[in-house]
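Trainee: After the structure tokens below, expect a handful of questions from me.
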Amino acid sequence: MPWRSSLGARESLIRAVSRMVFAGILAISMLTAIAWAAAAEYARPELLAETDWLAQHLNDSTIRIVDMRSEEAYRKGHIPGAVNLGWQALKNADNELYVIPPEKFASLMSQLGVSHSTTVVGYDDQGGLSPAWLWWVLDYYGHANGKVVNGGWRKWVKEKRPMTTEVPTPAPAQFDVQRDAQKICLVEELVGEMQRANVAIVDARSPAEYSGFDVRAKRGGHIPGTVNIDWIRNVTSGELHTFKPAAELRKMYEAAGITSDKEIIVYCQTGVRAAHTVFTLTLLGYNQRRNYDGSWQEWGNRPDLPIAR
């Protein structure tokens, strides 16, 4: 009968529309899931060397592994092929406030067998603190091929990977310095940047240092207008101190107003912990980030500069 035919056509239309709506919702859900997955990943994952990757590249002549633990710890055992370097060697011997001068850094890298095409892979047993400092100095002097071992020595040992006491003697290499002024912040620049709305300053020290309770200069406290995010919060609190997932790190920084559209300046006591935060922000895709390497060791000892508590 005609009414039955009409009813059947209507039901078919309803089913077709329902399928289209469902397909649309499914497509939107998939796109949302993909977007969330992308947000959960590091923007620059190549900056981290996972232990699996390093184990597969131990005999790669284009890689220089740098152990940044103490010399005593290094001599007791280290990753095969690794040379030893203390973080202090990357400071200016004539004025420890600042980073090592370019000509001395070029000479140091040459002694370690590092050329401009060498991939430098650093590790320690403190959550990547010293290797991130090495990475930053390399980056500042124009060497983009630096990595930090995620989990470092602790993870390497836990996974029962090979180690040795043999000390390598790398052949000297030609290392050319190309200083990038956009990677560093000088005190005079920071004074001028403090009032700019699109600048965010991160204090990577401990809360006790930030508040002025733990005083490590003539004055305690912090630079006015800064946000305190202790560098140790970049890594997990467990045994291995691996870097936290990207989504967790991004949420932590953005909640504090540290967003990628701003110019970020980071400081600590000596610039080392600040370098770890700069490294972490780079992992997340922040492109405007500078290290105030004079840090509180300079600012806290200058009576003409303002402080807050």
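Trainee: With all protein chains present, how much of the accessible area of the chain (probe radius 1.4 Å) comes from carbon and sulfur, to the nearest whole percent?
Mentor: Details: 8470 of 15200 Å².
Result for the chain: 56 percent of the exposed heavy-atom area is carbon or sulfur.
Trainee: Amide H of R290 versus every other amide H placed in the peptide plane: which residues, excluding those fewer than 5 positions away on the same chain, fall under 5 Å?
Mentor: I264, I265, V266
Trainee: Next question. For the charge dipole of the chain, defined by +1 on Lys and Arg C-beta atoms and -1 on Asp and Glu C-beta atoms about the Cα centroid, which residue among L47, P170, L97 has the Cα displaced farthest towards the positive pole?
Mentor: Of the listed residues, the answer is L47.
Trainee: May I ask for the angle, rounded to the nearest 10°, between helix 246-255 and the longest principal axis of the chain, with both axes built from Cα atoms and the value confined to 0 to 90°?
Mentor: Here the helix axis deviates by roughly 80 degrees.
Trainee: Still on this model: Can you list residues whose amide H is under 5 Å from V99's amide H, if they're 5+ apart or on another chain and H is modeled 1.01 Å from N?
Mentor: N92
Trainee: Here's another thing I want to ask about it. Cα convex hull of the range 116-200: how many Å³ per residue?
Mentor: Output value, Cα hull per residue: 147 Å³.
Trainee: Please report, in Å, the Rg and the Dmax of the range 222-309, where both are computed over Cα atoms only.
Mentor: 13.5, 43
Trainee: What number does the chain give for Rg over Rh if you use C-alpha atoms and the Kirkwood radius?
Mentor: We get a ratio of 1.16 for the chain.
Trainee: As a test, work out the antiparallel percent of DSSP beta bridges whose residues both lie in the chain, rounded to the nearest 5.
Mentor: Of those bridges, close to 15 percent are antiparallel.
Trainee: Based on DSSP, what percent of beta bridges with both residues in the range 147-302 are antiparallel, to the nearest 5?
Mentor: 10
Trainee: Explain nothing, just compute: Karplus ³J(HN,Hα) = 6.51 cos²θ - 1.76 cosθ + 1.60, θ = phi - 60°, for every residue of the range 148-153 in order, whole Hz, x for Gly and Pro.
Mentor: 10, 6, 6, x, x, 4
Trainee: Give, in nm to one decimal, the length gained when the segment between N287 and A89 is fully stretched (0.36 nm per residue of separation minus the Cα-Cα distance).
Mentor: Answer, rounded to one decimal: 68.6 nm.
Trainee: Work out, step by step, the length gained on full extension between R196 and K251: first 0.36 nm times the residue separation, then minus their alpha carbon distance; give nm to one decimal.
Mentor: Numbers: separation 55, 0.36 × 55 = 19.80 nm, distance 2.34 nm.
Between R196 and K251, full extension yields 17.5 nm more.
Trainee: Then there is this: I232 accessible area, nearest 10 Å², 1.4 Å probe?
Mentor: 70
Trainee: Further question: D214 to E46: extension gain in nm, 0.36 nm per residue of separation minus the Cα-Cα distance?
Mentor: Net length gain for the segment: 56.9 nm.
Trainee: Report, to the nearest 10°, how far helix 129-140 tilts away from the longest principal axis of the Cα atoms in the chain, using its own Cα long axis and a range of 0 to 90°.
Mentor: Relative to the chain, helix 129-140 is tipped by roughly 90 degrees.
Trainee: Here is a follow-up. Please report, in Å, the Rg and the Dmax of the range 104-154, where both are computed over Cα atoms only.
Mentor: 10.9, 31
Trainee: Using alpha carbons only, how many degrees (0 to 90, rounded to 10) separate the axis of helix 102-111 from the longest principal axis of the chain?
Mentor: Tilt of helix 102-111: around 90 degrees.
The values are calculated or read from the model by the stated rules, or taken from the named source; none is laboratory data. Predicted model only: the values in this text are computed from it and were never measured. Positions of Cβ are backbone-derived with ideal geometry, glycine not excepted, and every protein chain shown enters the neighbour counts. SASA here: full protein model, heavy atoms, side chains in, ligands and nucleic acids out. Shrake-Rupley method; radii C 1.70, N 1.55, O 1.52, S 1.80 Å.
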